[in-house]
Amino acid sequence: MKEKINELKELFSKRKTEAQTKEDIEALRLEFMGKKGHITTLMGDFRNVLGEQKREIGMMINSLKQEIEKTIEELKAKNEQKEMDKRLENDKKIDYTLPVEDGVGALNPRTILQKQIVDLFVSMGFTIEDGNEIETEYNNFDSVNVPATHPARDMQDTFWLDNGEVLKTQTSAAQNRILREHGPKCRVLFPGRCFRNEAVDATHENTFFQIEGVVVDENVSVSNLIYFMEEMLKGVLKKDVKVRLRPGFFPFTEPSFELDATCPLCAGKGCGACSHTGWLELCPCGMIHPNVLKEAGIDPEKYNGFAFGLGFDRLVMIKTGLDDIRHLNSENVKLLKQYGTKI
Ligand code: FA5
């Protein structure tokens, strides 16, 4: 039996030098460790060893088995490293500076539209600010007059983090911070990504974009709001558009409105896109609620203002005729490039 073990040891030494590829190593493993392998057979024979020899032979088999297992693992690791080096060496032969056949991606139509809107508001004296994507519950809800018990919270179900913060549901989440920083005489525009726990369809995404604007001063009126909205839409749609306000409800504005614009596709005559009404619902807005001003340290007796929150994924759809909002979050570069040219 001892002789047999030594023979196997020598055989393994010879075989291991011949194992060059992944397949060779696997064949070697099966030859020695497989169900019908040499070591399995040896273990079977071991049952017949008697008395005193049992301990010594048992130790020899065990030591051989461990050596084979260890060597096979080492061979595998060495081989993987060799293959990785080969792949890296081949990669070096790729010239990443050569022009790509299909071109190099494109700006998302949303990004192009955001830049146009931002430029328009800058020309009207607005400062541009950024908002956080993760917000405190206070900023997203309480600071804009939506306490925990307010039913309006149900309309903006969102993703909550373990620490009690939320993925912001609306750009209005930045209102309190911005009003505190800019004080009572300000015109600020703040675009941002918003998140809601939505049933996704052609016009609803769980991740979408809004552009919010606030103007605070003495004697701000609804006419001022209409003026800025008309200017923005004329600039973006490159058409003469009229706007109208319908009553709406938001806890952070009073009065609140839904702003409609004359349909840019039929110039208000009525078509499929506007359900033959001649109007498109575009942008919720209103006069900032005194509680919101007070919460931001602004005296509502002396100052007032308006705010609007434009969902601009939908404006992209209106402007380009894109039929499904989900394309805007897709990786379909070809389609996004094509629709980007329509902005
Ligand atoms: C708001 O989010 C308010 N914060 C807007 C506002 C700001 C009102 C300031 C008054 C003053 P609303 O939930 O309606 O309101 O969303 C505003 C816009 O975001 C919608 O008109 C729509 O264009 C867009 N929007 C909302 N939810 C989604 C969604 N799931 N997918 C795509 N766009 C959405």
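The values are calculated or read from the model by the stated rules, or taken from the named source; none is laboratory data. It should be emphasised that the depicted structure is a prediction, and the values quoted were computed from it without experimental measurement. Cβ: placed from backbone, ideal geometry, glycine included. Neighbour counts: every protein chain shown.
Of the residues making up the stretch 194-230, those that are surrounded by 14 or more Cβ atoms within 10 Å (Cβ to Cβ) and aromatic (Phe, Trp, Tyr) are PHE195, PHE208, PHE209, PHE228. Of the residues LYS302, LYS294, LYS334, the single one that is surrounded by fewer than 16 Cβ atoms within 10 Å (Cβ to Cβ), at pLDDT 95 or above and in a helix (DSSP H, G or I) is LYS294.
Condition check for ALA27 on (1) small (Gly, Ala, Ser); (2) over 30 Å from GLU331 (Cα atoms); (3) touching a residue at least 12 places away in the same chain (Cβ under 8 Å): one failure, at (3). Taking the stretch 235-248 as the range and being part of a strand (DSSP E or B) and either more than 11 Å from the ligand (Cβ to nearest atom) or in contact (Cβ under 8 Å) with a residue 60 or more places away in the chain (or both) as the test, the residues that pass are VAL243, ARG244, LEU245, ARG246, PRO247.
Of all residues in the stretch 309-343, those satisfying the criterion of being farther than 24 Å from MET232 by Cβ and free of Cβ contacts under 8 Å to residues at least 12 places away in the same chain are SER330, GLU331, ASN332, LYS334, LEU335, GLN338.
Take the stretch 249-274 and flag every residue that is farther than 23 Å from PRO147 by Cβ, in a loop (DSSP other than H, G, I, E, B) and either touching a Gly at 6+ places or on another chain (Cβ under 9 Å) or within 15 Å of the ligand (Cβ to nearest atom) (or both). Across the stretch 249-274, the qualifying residues are CYS263, LEU265, CYS266, ALA267, GLY268, LYS269, GLY270, CYS271.
Conditions (1) without any contact (Cβ under 8 Å) to a residue 12 or more places away in the chain; (2) more than 19 Å from the chain's Cα centre (by Cα); (3) surrounded by fewer than 17 Cβ atoms within 10 Å (Cβ to Cβ), marked per residue:
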{"position": "VAL118", "(1), (2), (3)": "no, yes, yes"}
{"position": "ASN139", "(1), (2), (3)": "no, yes, no"}
{"position": "ASN145", "(1), (2), (3)": "no, yes, no"}
{"position": "PHE159", "(1), (2), (3)": "no, no, yes"}
{"position": "GLY164", "(1), (2), (3)": "no, yes, yes"}
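Residue count for the stretch 90-116 under the criterion of being within 27 Å of the chain's Cα centre (by Cα) and in a loop (DSSP other than H, G, I, E, B): the result is 8.
Which one of these is away from the ligand (no atom under 16 Å from the Cβ), of a type outside the set (Phe, Trp, Tyr) and more than 15 Å from PHE308 (Cα to Cα): ASP142, ASP130, ASP154, ASP201? Before you say what the answer is, go through the steps one by one.
Details: ASP142 fails: away from the ligand (no atom under 16 Å from the Cβ); ASP154 fails: away from the ligand (no atom under 16 Å from the Cβ); ASP201 fails: away from the ligand (no atom under 16 Å from the Cβ).
The match here is ASP130.
With respect to (1) more than 24 Å from ILE288 (Cβ to Cβ); (2) at pLDDT 95 or above; (3) touching a helix residue (DSSP H, G or I) at 6+ places or on another chain (Cβ under 8 Å), the lone exception for ALA106 is condition (2). Confirm whether LEU280 is touching a strand residue (DSSP E or B) at 6+ places or on another chain (Cβ under 6 Å) and under 23 Å from GLN175 (Cα atoms). No, not satisfied.
What number of residues within the stretch 127-137 are surrounded by fewer than 20 Cβ atoms within 10 Å (Cβ to Cβ) and assigned to a loop (DSSP other than H, G, I, E, B)?
Here is the first cut: in the stretch 127-137, the ones surrounded by fewer than 20 Cβ atoms within 10 Å (Cβ to Cβ) are 127-130, 132-134, 136-137.
Retained after the next criterion (residues that are assigned to a loop (DSSP other than H, G, I, E, B)): 129-130, 132-133, 136.
Residues in the stretch 127-137 being surrounded by fewer than 20 Cβ atoms within 10 Å (Cβ to Cβ) and assigned to a loop (DSSP other than H, G, I, E, B): 5 in total.
The residue pairs whose first member lies in the stretch 199-224 and is more than 11 Å from ILE288 (Cα to Cα) and part of a loop (DSSP other than H, G, I, E, B), whose second member is more than 8 Å from the ligand (Cβ to nearest atom) and of a type in the set (Lys, Arg), and whose beta carbons are closer than 9 Å, counting only pairs six or more residues apart or on different chains, are VAL200/ARG326; ALA202/ARG326; GLU205/ARG326; GLU218/LYS185; GLU218/LYS302.
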